[in-house]
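Quick note: the coordinates plus some simple rules give every number you see, no bench work behind them. Values in this document were obtained by computation on a predicted structure and should not be read as measured data. Counting neighbours? That spans all protein chains shown, and the Cβs are built from the backbone with ideal geometry, glycine included.
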Amino acid sequence: MDDGASINVSSLLNGDDPIEDASEDLLQRAGLADAFAAEIRRTSAKHGAVVALTGKWGSGKTSLLNLTSSALEAADDVQVVKFNPWFFSGTDQLMRFFFDELAGQLRDGRGLKDKLKSAGRTVAERLGKYSSALSPLKFIPGAGAVLGGASAVAEGASKLLGEEQETIHQQRVELTKLLADLPGRIVVFIDDIDRLSQQEIRDLFRLVRLTGSFPNIVYVLCFDRSVVETALTDGTVEGSAYLEKIVKISMDVPPLPTQALSPVIARGLVEALDGINTGPLDEARWPDVFVQLILPMFSTIRDVKRYLASVPLTVRSLRAEVSLVDVLALEALRVRYPAAHDLLPAAVDVLTGTTSVYQRNREQTPHDNAFVEDFTRLLDGHAKSVIRILFPAAERLFGGSTYGSDWVSTWERERRVACRKVLDFYLHRQLPAGRAPIWCVDHVVDRIGDETALTEALDQVPEPLLDDVLKRLVPYLRDVPENQVLPTATALMRQLPRVRLGSSGMYSAGGEWAVLSPVNALLRTLSGDAVDRTVSSLFHRIASLYGRVLLLDITAGGSNEQGLISEETARSLRQQLCSHLRAARPEDLAGERMLLRTVVVVTADTDDPSSLESLTDARVVTRLLESAMSPVHSQTMGSVAVRTQKRLFWDSLVNVFGGEAGLAEAVASLRQSLDDGTVESNEELTAALALYEKYSAGWRPRF
């Protein structure tokens with residue numbers, strides 16, 4: 001992110017404060033300020049002078065003004081006075097406040113130049129008297145004269161219209177003579193004029209017009225030309241013409257070239273993010289995002305400061321859950337185009353929805369069209385760049401490429417807002433239930449390849465988050481070296497006892513696939529004999545029978561499907577599994593999950609599964625009945641409600657026990673064991689026995 005530029009960016013992190021001296025001059029405008037200061041000193045001020053520094057809000061007018069002031073303060077024949085027009089409230093205070101402020105700053109000997117000290121104090125005293133004489137007056141805009149104020153006392157009004165009028169004139173003559181003999185000049189800076197109200201702007205310019213003829217006083221006015229011209233325009237006079245009559249010299253703040261802001265933003269981001277846990281920066285994407293998206297959004301140093309001031313809080317609040325590159329880009333969007341950023345929450349589906357091969361020619365919906373229209377209108381030419389760089393799935397709406405669902409796992413791995421889950425967190429700053437924080441995923445990912453370390457890391461993941469962590473591992477496993485496949489797969493298969501089995505909803509896969517998907521992804525990175533060797537080794541490392549059955553499910557293939565392993569290896573492993581089942585002790589079988597399915601699969605080629613001696617043990621019968629239950633989910637068209645009903649794999653149970661009679665005999669023996677306390681009852685067994693009674697009476701669920 002750092003371009004290596006050696007610049008002082010501390011002022012960028014101090015909010016919207018303008019710079020005070022050349023040491024903070026990031027835009028290299030000190031030379032321009034020196035030239036402006038030289039012109040202010042050079043221009044004739046025999047009858048006063050008015051100079052203007054103009055520029056748009058945020059263009060750096062005040063900073064350039066401060067640099068100019070510093071340059072002038074270094075001269076021994078220039079006295080700088082700064083007048084803040086925000087301090088007066090109403091036209092009746094403006095004139096006196098101006099002269100009082102001018103007199104006060106000249107009276108303060110600590111700031112006076114040696115060359116101007118004596119004359120400056122004399123001028124200050126004369127200004128004070130002149131201000132007092134004007135105290136009962138009120139300037140009436142548009143009248144072009146000084147009239148009696150409504151709030152002035154009768155005595156003040158009579159002085160205005162009578163005997164004191166000549167005194168004010170005499171004081172002005174004397175003040176003019178003093179200023180003409182001044183061995184230098186007074187430069188009065190007036191900033192932020194464009195932030196005043198329309199009436200206040202008019203009052204201030206009339207004041208300057210009335211007092212601008214005092215010799216050796218140069219007014220430097222700083223404002224946005226378009227704002228002031230609009231304020232000064234009335235029915236008879238154009239504001240631009242009014243300014244032309246008053247302003248002698250005018251200088252526009254030059255626009256900032258993009259290359260000037262680039263190192264400022266880059267260095268400013270480094271400073272702003274110092275000490276914050278930002279997560280990794282995608283070095284491959286950052287140059288494009290910075291140059292093509294962030295940089296074009298900025299044209300003023302004020303906007304850059306606002307951006308840099310807001311970045312730390314946003315990054316902290318996202319806790320590295322979102323790609324830093326995306327965060328910085330979206331923060332630029334939020335700061336510069338808040339209305340466009342406000343469209344994002346309602347457009348999540350539009351921005352992240354991928355397209356299948358069957359949807360590529362579908363027409364855009366009214367919602368799609370409305371978003372495109374509003375987003376384009378609000379982003380001032382940046383819409384396509386934002387979509388292409390941050391939300392590629394929505395490129396199709398702008399005539400670009402289409403992206404399928406296979407991209408989602410990659411975007412999620414890279415923490416990009418192109419993934420809906422990541423965008424949701426960015427927008428709401430809250431992880432949904434079951435979503436693991438990124439540090440938890442990273443902790444596991446960092447231990448891929450080390451069987452012991454990975455097992456320990458996975459064991460530390462809370463069970464409600466385990467499913468999510470395992471699923472999010474898949475993209476990381478596609479590049480695992482061959483020698484790390486077996487230890488990684490072993491650690492993953494050890495998590496089978498912790499995951500739920502079977503489906504939890506209408507369209508959800510069985511919980512075991514949280515483990516099987518990453519293992520399958522690992523094994524598919526192998527080729528040739530390495531697959532058979534690895535699967536065989538993994539088979540013998542799995543302690544449970546059902547775990548071995550699941551491994552064969554994803555590797556051995558079926559009647560119409562080519563498996564990962566050879567038929568010979570698959571046949572050998574099935575034979576070994578059968579031997580292990582026959583040799584297993586009843587107490588071991590009683591602890592097996594998916595026992596009914598295991599027995600059915602292992603004995604598929606056996607004429608009489610009931611010949612297994614362990615099937616007579618009440619503990620094994622208990623586990624077979626419990627594992628025969630399965631939830632069935634159904635949903636009525638047009639309804640969001642999902643109904644769940646328990647069912648028994650009745651036919652499989654009957655087949656394992658050699659018929660309904662054999663099953664009935666086993667259940668009767670189990671009930672006897674329950675009665676004499678040999679087997680303890682539980683909620684699952686009670687439900688299974690209740691279902692058995694219904695099935696044995698002829699009941700079957702309706703689907």
**Prompt:** For the chain, with the dipole built from +1 on Lys and Arg beta-carbon atoms and -1 on Asp and Glu ones, taken about the Cα centre, which of ALA521, LEU663, LEU210 lies farthest toward the positive end?
**Reply:** LEU210
**Asked** Computed over the Cα atoms of the stretch 442-583, what is the ratio Rg over Rh, Rh following Kirkwood?
**Response** 0.95
**Prompt:** What is the order of GLU271, GLU331, fewest Cβ neighbours within 10 Å to most?
**Reply:** GLU271, GLU331
**Request:** Taking the chain as the reference, fit the longest principal axis to its C-alpha atoms, fit the long axis of helix 545-555 to the helix C-alpha atoms, and give the angle between the two in degrees, 0 to 90, nearest 10.
**Result:** 70
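Express in nm, to one decimal, how much length is gained between GLU613 and SER250 on full extension, taking 0.36 nm for each residue of separation and deducting their alpha carbon distance.
Gain on extension, GLU613 to SER250, equals 120.2 nm.
In what sequence do TRP411, TRP286, TRP439 fall when counting other Cβ within 10 Å, fewest first?
The fewest-first ordering by Cβ neighbours comes to TRP439, TRP286, TRP411.
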**Request:** Using only Cα atoms, find the angle between the long axis of helix 463-477 and the longest principal axis of the chain, and express it within 0 to 90 degrees, rounded to the nearest 10.
**Result:** 80
**Message:** For the chain, take the longest principal axis of its alpha carbons; what is the angle in degrees between that and the long axis of helix 61-73, to the nearest 10 within 0 to 90?
**Reply:** 50
**Asked** Can you give the percent of C-alpha pairs in the chain whose distance is more than 41 Å?
**Response** 56
**Complete:** With the charge dipole of the stretch 333-432 built from beta-carbon charges (+1 for Lys and Arg, -1 for Asp and Glu) about the Cα centre, the Cα from LEU431, GLY381, SER356 projecting farthest to the positive end belongs to LEU431
**Asked** How long, wide and thick is the stretch 223-271, going by the Cα atoms along their three principal axes, in whole angstroms, largest first?
**Response** 53, 20, 16
**Message:** Taking the alpha-carbon distance from LYS56 and a cut-off under 29 Å, which lysines remain once sequence neighbours fewer than 8 residues away in the same chain are dropped?
**Reply:** LYS82, LYS245, LYS248, LYS305, LYS384
**Prompt:** Can you sort ILE389, ILE168, ILE193 so the residue with the fewest Cβ neighbours within 10 Å comes first?
**Reply:** ILE168, ILE389, ILE193
